[in-house]
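Undergrad: Take this structure, written in structure tokens, and hold onto it; I'll ask about it next.
Readers should treat all values here as calculations from the given coordinates under stated rules, not as data from a laboratory. Just so it is clear, the model here is predicted, and its values are computed rather than measured. Heads up, the Cβs are rebuilt from the backbone with ideal geometry, glycines too, and the neighbour counts pull from every protein chain shown.
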Ligand SMILES: [Zn+2]
């Protein structure tokens, strides 16, 4: 389940909210009650995965494939690798 970073522009209250993709975005600040609570652009945990891929993939009920982690260049195992040798 994606976690979104929310922040209130009125009182400055900030919190990460775990929401289903199908849930409507929150708008009311749990701290001051004003409708200035908004999703931040850089959501925690999803900053490196681009934008929007989960919004479409979840609709089919299937889990999106895990992105492959990039192999560190120091452990690539390739003898001809110019970065290691
Ligand atoms: Zn607030």
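Undergrad: First measure r as the distance between the Cβ atoms of residue 83 and residue 3, then evaluate 1/(1 + (r/R0)^6) with R0 = 25 Å and state the FRET efficiency to the nearest 0.05.
TA: Efficiency, from the Cβ-Cβ distance: 0.15.
Undergrad: Here's a follow-up. Can you pull the one-decimal nm distance between simple spin-label points at residue 21 and residue 40, each 7 Å off the Cα toward Cβ?
TA: Placing both labels 7 Å beyond Cα along the Cβ direction yields 2.3 nm.
Undergrad: When 10, 79 are ordered from fewest to most other Cβ atoms inside 10 Å of their Cβ, what list results?
TA: 79, 10
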